[in-house]
Amino acid sequence: MAAVARQKHFLWVERERKIRNIILTPSMIMVWILGLALAANVGLFSGQHGLGWLHLKLALVLVLSGYHGWAVGYARKLAAGKPTLTGRQLRLINEVPAVLVTFIVILVIVQPF
């Protein structure tokens, strides 16, 4: 029975690693590349006025990048069998990216300030 549990744990860790390496990290890199391209296109680097929305968007992307780094580190802790958060805490923290991305998209579309 313990061997089956270890095998399932190994498979879960491997799936998580693949998702991180194939989807999450490349996506974060693309977010930064496209975000900086947007910033250059709308004139952030040339001193254009009225880009408060873009400053906030970039700040939220920075927070999202920090979350990504934390999640990668925590995934390694989980793989090593050293969790420090409960399942409930993880489910709550798991909502952070969705909320951040929602605000980021709204800022880009509405450009409120």
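Accessible-area rank, largest first, for 67, 74: 67, 74, with all protein chains present and a 1.4 angstrom probe. Working from label points 7 Å from Cα in the Cα-to-Cβ sense, the residue 80 to residue 94 distance is 2.3 nm.
Computed over the alpha carbons of the range 1-49, Rg followed by Dmax gives 20.0, 64 Å. Taking the square roots of five times each eigenvalue of the Cα gyration tensor of the chain, the equivalent ellipsoid has semi-axes of 37, 15, 10 Å, listed largest first. Angle, helix 96-110 long axis vs. longest principal axis of the chain, Cα atoms, 0 to 90°, nearest 10? The two axes meet at around 20 degrees. Label-to-label distance, residue 7 versus residue 103, with points set 7 angstrom from Cα along the beta-carbon direction: 4.5 nm. With an 8 Å cut-off on Cα pairs and a minimum separation of 6 or more residues, tell me the relative contact order of the chain in percent. Once divided by the residue count of the chain, the mean separation gives 36 percent. Of the whole protein surface, residue 46 contributes about 100 Å² of accessible area at a 1.4 Å probe radius.
Note on residue 17: accessible area approximately 90 square angstrom, rounded to 10, probe 1.4 Å, nucleic acids and ligands left out. Taking the C-alpha atoms only, the angle from helix 52-79 to the longest principal axis of the chain is near 10 degrees.
The values are calculated or read from the model by the stated rules, or taken from the named source; none is laboratory data. Remember, it's a predicted structure, so these values are computed and weren't measured experimentally. Methodologically, a virtual Cβ is constructed for each residue, glycine included, from the backbone with ideal geometry; neighbour enumeration extends over all protein chains shown. In case anyone asks, the SASA skips ligands and DNA or RNA and just uses the protein heavy atoms, side chains included. Shrake-Rupley method; radii C 1.70, N 1.55, O 1.52, S 1.80 Å.
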